[in-house]
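Peer 1: Mind looking over this structure? Questions follow.
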Amino acid sequence: MDVDFVVSSLASLERRLERMQLARVRVLEEPEGSPYLVQGETADGMHFDIYVASIDFENAVLATKDDKHVASAEAVILYKLMAMRREDVDDVRSILDNHPGLKGLDVEFIERWAAELDVQDEWHGFVAEYQKANNVRSQLILPASDTGDQANTPKTRYVKKQGVDTLGRRYTRWIRQA
């Protein structure tokens, strides 16, 4: 089992991590020394990743979490689109299956961040697949229209950095491009 968390800072987690029975913990840092990821495993074998919010999208995820501190389905879809591993593809399909006609999903949020994170093609691919599989004839989503103001607004771009963690799992890190 693998559990992922996003936090605004590690300060609030230090005491909790100290109380947990951990088999191992690794803190990954940016070149300037700020931590961005804590990876670990509990004594009973549960793997976890704790990401420190560092890009606008991660801060938006924290702002939209529900009262149980769980990321929204929209945020999960976007994280899965960024990673695009086999299990992520299955997870996105499952979320779409649980939201017939995309009802209950904030499609504008997904569209905005999919464009910002450069995963819009992947998102539209899932929607097209969903429409075809469910014989949906109408357009469920429309790409955002470009107005003069939007066209002149510079978009923040992110660069994908991939690697392998201490447990041999692939990871993807998105870094703001200057």
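The values are calculated or read from the model by the stated rules, or taken from the named source; none is laboratory data. The structure displayed is predicted, hence computed values, not measured ones. In this analysis, Cβ positions are derived from the backbone assuming ideal geometry, glycine residues included, and neighbour counts consider all displayed protein chains.
Peer 1: Name the residues in region 1-25 that are free of Cβ contacts under 8 Å to residues at least 12 places away in the same chain and among the hydrophobic types (A, V, I, L, M, F, W, C), would you?
Peer 2: Result: A11, single match.
Peer 1: Test D90 against the stated conditions and say whether it is farther than 26 Å from A11 by Cβ, under 18 Å from the mean Cα position of the chain (by Cα) and part of a loop (DSSP other than H, G, I, E, B).
Peer 2: In short, no.
Peer 1: Could you please tell me which pairs satisfy a Cβ distance under 6 Å, a separation of 6+ or placement on different chains, a first residue in region 36-52 that is in contact (Cβ under 8 Å) with a residue 12 or more places away in the chain and more than 13 Å from S9 (Cβ to Cβ), and a second residue that is acidic (D, E) and surrounded by 16 or more Cβ atoms within 10 Å (Cβ to Cβ)?
Peer 2: Q39/D49; H47/E41
Peer 1: Further, regarding this structure: Are any residues in region 10-50 hydroxyl-bearing (S, T, Y) and at pLDDT below 80, and if so, which ones?
Peer 2: S12, S34, Y36
Here is a yes/no grid of residues against (1) modelled with pLDDT of 85 or more; (2) under 16 Å from V61 (Cβ atoms):
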| site | (1), (2) |
| --- | --- |
| K80 | yes, yes |
| K103 | yes, no |
| D106 | yes, yes |
| E111 | yes, yes |
| R137 | no, no |
| I141 | no, no |
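Peer 1: Still on this structure, please answer the following. Testing F109 on (1) among the aromatic types (F, W, Y); (2) within 16 Å of H124 (Cβ to Cβ); (3) not in a helix (DSSP H, G or I), one condition comes back false. Which one is that?
Peer 2: Answer for F109: the failing condition is (3).
Peer 1: Then there is this: In the list E74, E122, E108, E87, which residue meets the criterion of being loosely packed, with under 14 Cβ neighbours inside 10 Å, outside the structural domain of V3 (by TED's automatic domain parsing) and either under 23 Å from Y51 (Cβ atoms) or of a type in the set (G, A, S) (or both)?
Peer 2: Only one candidate qualifies: E87.
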